[in-house]
């Protein structure tokens, strides 16, 4: 059996760790799905406070907001006064979309 040098072993270990870290990042990517925000509809359409589920989903979907704002069918809802009220009530700062 061939002897493996210490530096080769470290290289293989480093590559394995980087691959695992890449997997973690990929698996934690947000799936943009506006239906996930349905728990916010009561607060958007009335004067009720947003639920904790709504705020949690808003935080989770925050990376998707620019895409929602650019979508012709979603823009009117995401940019509505009621939606802005809910975002503010949840303490969320939306990204600046250019």
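For every residue, the table says whether it meets (1) exposed (fewer than 15 other Cβ atoms within 10 Å of the Cβ); (2) part of a helix (DSSP H, G or I); (3) modelled with pLDDT of 95 or more; (4) at negative phi.
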residue	(1), (2), (3), (4)
24	yes, yes, no, yes
49	yes, no, yes, yes
54	no, yes, yes, yes
93	yes, no, no, yes
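Give the residues of segment 72-83 that are at pLDDT below 95, surrounded by fewer than 15 Cβ atoms within 10 Å (Cβ to Cβ) and assigned to a helix (DSSP H, G or I), sorted by residue number. Across segment 72-83, the qualifying residues are 75, 76.
With respect to residue 69, determine if the residue is in a helix (DSSP H, G or I), at pLDDT below 95 and surrounded by 12 or more Cβ atoms within 10 Å (Cβ to Cβ). Taking the combined requirement at face value, the residue satisfies it.
The values are calculated or read from the model by the stated rules, or taken from the named source; none is laboratory data. What you see is a predicted model, and the numbers here were worked out from it, not measured in a lab. Quick reminder, even Gly has a Cβ in these numbers, built from the backbone with ideal geometry, and neighbours come from all protein chains shown.
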